[in-house]
Each structure stands twice: as structure tokens, then as C-alpha cells.
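Asker: Below you will find the structure I want to go over with you.
The values are calculated or read from the model by the stated rules, or taken from the named source; none is laboratory data. Being a predicted model, the structure only gives us computed values, none of them experimental. Note: ideal-geometry Cβ built from the backbone for every residue, glycine included; neighbour counts use all protein chains shown. Accessible surface is based on the protein model in full, side chains and every heavy atom, while ligands, DNA and RNA are left aside. Shrake-Rupley method; radii C 1.70, N 1.55, O 1.52, S 1.80 Å.
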Amino acid sequence: MSSTEKDKTEYSSGIDFVMLLLNYLRSLSRIWVGIAALALVFGGISVVRAHINYVPYYTASSTFTINIKSEQSIYGSVAYYDNAAAEHMAQTFPYILTSSYLYRVVANDMQEPVSGSIRASVVENTNLLTLSVTDRDPEKALRTLNSVIKCYPDVSEPIVGKVTMKVLDESGVPSAPDNERSYLRPALSGILIGTVIGLLWGMLIYITNRTIHSSSEIKKYLGISCLGSIPKIFKRKRTKETSDYYTITDTVTKDLLTEPFRMIKNKVEYHAHKHDHKTFLVTSATAGEGKSFFAVNLALTLAQSGKKVVIIDCDLRHPTGRQIFDMPAGRGLGEYLKEEWELAEYLSTAKAENNHNIPNLLFLPGGATIGDGSRLLSGSRLQNLIASAKANADYVILDSAPAGLLTDSAILAKYADAALIVIRKEFARVDFILDTFKHLADSDIHIVGGILNDT
């Protein structure tokens, strides 16, 4: 079996449905505001629709007794059959009420069409019958009821014989509608529909925007090794004395960050020793994945282990190294590449500005923001700077712009020995990260592995 077929087999047989469900639920947590908004919108629409479409219905009813009168008996007298009449009426009444003949007779008696519905029910084993008429107009409901009571004996006589109806109770003109105006049910129905649509929307996002959720998925989906995971660190509130970034030298996060970065450092050093690599390009697929945070802390970790390290902030479009190192604004790499500084002056100023108190670590900041840094990065001055750094340090770390967005990383890859890809958990899509590899492919740079950030 080929390696490709093996990977496909592992992928198809290694689906963890529990993990898929947990990842889906986590993806919903990021769009819960949208789901809630959909639920409220659909709930509101249902309430408005119920208000607009509301039509009240009124029911007028009457209870009476039924007697079927027979003109002949064995004694030649008149007889009344109450219970038998009631049972017979219970069987025949629905047919009579739904007959078009009754409706025509009632309409003719009222001199207007019958718009309501007519119903009847018989109390079991009695001759009590309740007749009701439901209509939008309460007065017309009562008129229709009275007309049915008046016309029914004549309509039913050919079927059940002569009928006498004695009214016992009558509702009169109904004062309240049967279906009182209520918004609770339509509101709940709309909220349910909106929630279901929101869940389906979340599922569509989860399916179409597949991201990296765990270190094992880096190998499975990207085909590179995972060098380690960095726990989620929330930015602190920036003050005049401190930056909003934490590093491994901060007492607050030292215990949390030291061990993960030490493990990553060991793997990087192993790779460097095995392949004789000194210059590492640090990049990501898109902005906001924490590549500069990782580059600075990797450099600090290497320097703390006794290595001479130079870290260069090559992200000229968005340099953040000064903020992470808590350094004041000033000139940097951009000004040097524009030939506003000489190399000796640039290095001297960089050494003087560094306040990280690690003598074997040199940070070369990016300087002022430059909109188009690709042209400057392509020049010989950067190449000479990197060559000088390699000659005087054990490791050189190039903090690059996101490789998936800009060509800067592809240019810097020509000067580096290997690349480290920072991948923020549940952030960039897998296909976008794979496109990053394609952007670096022309330089033939070796991708050591990925680092999962914000776990």
C-alpha cells in the first residue's frame, strides 16, 4: 500500500465522532450571538405575522331536546320515542348538517350566504342535543344558529320523520372570541425555527471552514509534524509601564509558558543539529495567529539556554516586536533597508535599545510601518544583514509577515534554512494553510513543522 493510500485509510478509519461533536459545539460558541439573533428575529416575525393574520371566531350555541313524533301506534294514539330519537339523530345529524340542501334552506331563510360552520353533538343515551355555529361575526353566528333550529325540522323530516325541538339553553350573542389573541405560541415557534436555522448555519460553517483543532490534526491534514502546543494566554491591559504581551520572562506566565517552549526549543535544536540549520523563518497562514509572540519567546528560550540568538522583525507592514519586548517606538529594519542607516549604526542602536537583560540575545526591530516591504526585502542589504547575523550567532530567527497573505515570506525563505509555521487553534482554514506551503515551495525551504497556538 502506498503512503498516500495509507493516509487515506487512516483518515477514513480514524474519525472520532465525539471529537467532531465537541469541535462543532465549540464552533457554535463562537457564533452563539448570531444564533440568538436569528431566534429573536424569527420569533419577532412570527409574532408580527400572528398579529396581522389574527381573525377572531365566535361561537353561538344552543342545547335542546329532540323528540321524533309518530302518528301511529298499536293503540291508535301518538307516541314519543326520546332515547331512540336521540340515538337516531346522533347518527344522521352530521349528514344533514353537511348537506348542501340545509345550507341552501338556511341561506334562503337568512337571505344571505352561510359563512360559518355548523356542528352538533348528542349526549350519549339522552335526547339532549347541542347545536353550535362558529363565525367571524358574533351576531351572524347567532342568526345562523336560530335559522338552523328553525329550518332543521323541515329538512330532517324526510329522513327521520317529524321532529320537535325544545330549546333548553341558548348562549345569545357571543361576547368573547373562541381563539383569544395569544403571542406565546407563535413566538416560541419562531424562536425554535430561528434556532434550528442557526444550528444548521453553524454546521455549514463548521463543514466548509475546516480548521485545526488539535495537534494530531496538523499531521493528519497538513502532512507536517507538530512541534508542540502553546497554551492560550490572554493579553493583559496595557499601561505606561508594560506592554500588552506576555513572555516567558514574565512572572505571571513563566510557569505556564516555560515548559511548552522548552520542548519546542529542544525539537528545533535537534533539527538544526541534524540538518546543520541556523536560520529559521517564523510565519503563519494569516494575521492574528501569534507568530511574533512565538518568535520572540522561542528566541528568549534559546538565549536562556546559552545560545547566541539574533531575532529580526521582518514584518515591515505590521512590526510588533517592539511591543512584545516592551520597547519604545523608533527606527528599525525598514530604515536600514532604505539606506538611511549603516549596518554598524543600526546594530549599535539595536543593542542600546534592547532591555530584555539577556546579553546573548540581539533583537533587530522592524521600525516604522511600510506599506510595500517586498521590494526592500528583495535587496542585497537584508541578505548581507542575515549573513552577518549568521556569522556571529548560533541561531537567527526571522519574524515574517503571514505567508498566506503576502509574498514577503516567500522572499525571506530564500535567506532561511528552514521554516516554522504557527497555527492558531480553530482559526485559519486547512486549505488556506496548505496554500501557505505552496507559496513557500518555490524557495525549496524545509518546513520543520507546525506549532499549535492558543490551545
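Asker: For segment 359-383, name all the residues that are open to solvent by 30 Å² or more (accessible area, probe 1.4 Å), in a loop (DSSP other than H, G, I, E, B), within 20 Å of Glu335 (Cβ to Cβ) and in contact with a helix residue (DSSP H, G or I) (Cβ under 7 Å, 6 or more places away or on another chain).
Answerer: Listed by number, the residues that qualify are Ala368, Ser378.
Asker: Further, regarding this structure: Within segment 135-167, which residues are more than 18 Å from Ser99 (Cβ to Cβ) and not in a loop (DSSP other than H, G, I, E, B)?
Answerer: If we filter segment 135-167 for residues that are more than 18 Å from Ser99 (Cβ to Cβ), which is where we start, we get 135-143, 146, 162, 164, 166-167.
Of everything in segment 135-167, those that are more than 18 Å from Ser99 (Cβ to Cβ) and not in a loop (DSSP other than H, G, I, E, B) turn out to be Asp135, Pro138, Glu139, Lys140, Ala141, Leu142, Arg143, Asn146, Lys162, Thr164, Lys166, Val167.
Asker: Scan Arg143, Arg136 and give me the residue that is basic (Lys, Arg), surrounded by fewer than 17 Cβ atoms within 10 Å (Cβ to Cβ) and either farther than 25 Å from Val55 by Cβ or at pLDDT 70 or above (or both).
Answerer: Of Arg143, Arg136, the one residue that is basic (Lys, Arg), surrounded by fewer than 17 Cβ atoms within 10 Å (Cβ to Cβ) and either farther than 25 Å from Val55 by Cβ or at pLDDT 70 or above (or both) is Arg136.
Asker: Pull out all pairs, ordered by first then second residue, where Cβ-Cβ is under 8 Å, the residues are six or more apart or on different chains, the first lies in segment 139-152 and is touching a residue at least 60 places away in the same chain (Cβ under 8 Å), and the second is aromatic (Phe, Trp, Tyr) and open to solvent by less than 10 Å² (accessible area, probe 1.4 Å).
Answerer: Matching pairs, first to second residue: Ile149/Phe64.
Asker: Out of the residues in segment 311-358 that are within 21 Å of Phe293 (Cβ to Cβ), of a type in the set (D, E, K, R) and part of a helix (DSSP H, G or I), state the one that is most open to solvent (accessible area, probe 1.4 Å).
Answerer: Per the criteria, the residue is Glu353.
Asker: Mind counting the residues in segment 304-324 that are touching a Pro at 6+ places or on another chain (Cβ under 9 Å) and of a type in the set (Gly, Ala, Ser)?
Answerer: Looking only at that region, the number is 1.
Asker: Please indicate, with yes or no, whether at least one residue in segment 112-126 is part of a loop (DSSP other than H, G, I, E, B), polar (S, T, N, Q), surrounded by fewer than 21 Cβ atoms within 10 Å (Cβ to Cβ) and on the phi > 0 side of the Ramachandran plot. Lay out the reasoning, then the answer.
Answerer: The first filter runs over segment 112-126 and keeps only residues part of a loop (DSSP other than H, G, I, E, B), leaving 112-116, 123-126.
Retained after the next criterion (residues that are polar (S, T, N, Q)): 115, 125-126.
Of the ones still in play, those that are also surrounded by fewer than 21 Cβ atoms within 10 Å (Cβ to Cβ) are 115, 125-126.
With the extra rule that they be on the phi > 0 side of the Ramachandran plot, the set shrinks to 125.
Yes: segment 112-126 contains one or more residues that are part of a loop (DSSP other than H, G, I, E, B), polar (S, T, N, Q), surrounded by fewer than 21 Cβ atoms within 10 Å (Cβ to Cβ) and on the phi > 0 side of the Ramachandran plot.
Asker: For Asp276, state whether it is within 16 Å of Ile397 (Cα to Cα) and touching a Gly at 6+ places or on another chain (Cβ under 9 Å).
Answerer: Numbers: within 16 Å of Ile397 (Cα to Cα): yes; touching a Gly at 6+ places or on another chain (Cβ under 9 Å): no.
Judged against the criteria, Asp276 is not a match.
Asker: Anything in segment 11-35 that is open to solvent by 80 Å² or more (accessible area, probe 1.4 Å), among the β-branched types (Val, Ile, Thr) and modelled with pLDDT of 80 or more? List them, or say none.
Answerer: Val33
Asker: Determine, yes or no, whether Ala287 is farther than 23 Å from Asp250 by Cβ, of a type in the set (A, V, I, L, M, F, W, C) and assigned to a loop (DSSP other than H, G, I, E, B). Write out each step before concluding.
Answerer: Values: farther than 23 Å from Asp250 by Cβ: yes; of a type in the set (A, V, I, L, M, F, W, C): yes; assigned to a loop (DSSP other than H, G, I, E, B): yes.
Against the criterion (farther than 23 Å from Asp250 by Cβ, of a type in the set (A, V, I, L, M, F, W, C) and assigned to a loop (DSSP other than H, G, I, E, B)), Ala287 qualifies.
Asker: Looking only at residues that are in a loop (DSSP other than H, G, I, E, B), farther than 27 Å from His446 by Cα and modelled with pLDDT of 75 or more in segment 205-246, which one is most open to solvent (accessible area, probe 1.4 Å)?
Answerer: The qualifying residue most open to solvent (accessible area, probe 1.4 Å) is Lys232.
Asker: Does segment 384-415 hold any residues that are touching a helix residue (DSSP H, G or I) at 6+ places or on another chain (Cβ under 7 Å), of a type in the set (D, E, K, R) and in a helix (DSSP H, G or I), and which are they?
Answerer: Asp408
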